[in-house]
Amino acid sequence: IIGFLFDWAKVIGFPLSELLQKLPHNPADNVISKNSALLKDLAFINKWFPVFLRFTSVVLLIITLWSTLLDTSATLQAATFNHNTSHLFAISLMLLLMFLGILGLILGAAGRIAALGVLFAVGIHQHLFSLSPLDILLIFCASALFYLGTGPGSLWEPENNLIHKRAGQYQKPAQFEVRKNEGKPCTKDAF
């Protein structure tokens, strides 16, 4: 809300920058800006925190998957006995999303999409079973991974282009290599 108010003040022409310059600065800001070791530590944490979240999410997913499989065996027998296909479909979808989430987060392949799949799986799990504190921690980790990305060591991050580039933003054209026979007909020895 504060960011929206700042943007609104800037759009209507309110002299916001002059007002902010008149405000007294916090002395703690000067200490932090001068302490480069602290800034390096914060950069290190910022860089490697998503990797910790990936590891934590995978461990929590394995625990949740194992407990779900133990709880699901009796539920699946009751669902197949009563011919309740919607319950069987929900359990199958939840287990599939959890398994794909584990693979995606371990490899760092489309990690934000995998985190979104994990959130869907936990939502289905919440509908079928009770939510445990580990599931709440898994929701936190998957939500953080969805916003932060998967960090270093990720194999494939296709969603970063959607997040870091604006739609319709001008992109500098690619540089072309000038060939030695520019403007002349190509011959076999030109290749």
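No lab work stands behind these numbers, since they all come straight from the coordinates. A quick note: this is a predicted structure, and the numbers were derived from the prediction, not measured. Neighbour counts are summed over all protein chains in view; Cβ atoms, including those assigned to glycine, are modelled from backbone coordinates with ideal geometry.
For Ala109, nonlocal amide neighbours, meaning residues 5 or more places apart or on other chains whose placed amide H falls under 5 Å from its own, are Leu155, Trp156.
Stretched out straight at 0.36 nm per residue, the stretch from Ile12 to Phe120 would grow longer than its current Cα-Cα span by 34.8 nm. Once both labels are positioned 7 Å from their Cα atoms along Cα-to-Cβ, the gap between Asp71 and Lys47 label points is 4.0 nm. Stretched out straight at 0.36 nm per residue, the stretch from Lys165 to Phe55 would grow longer than its current Cα-Cα span by 36.8 nm.
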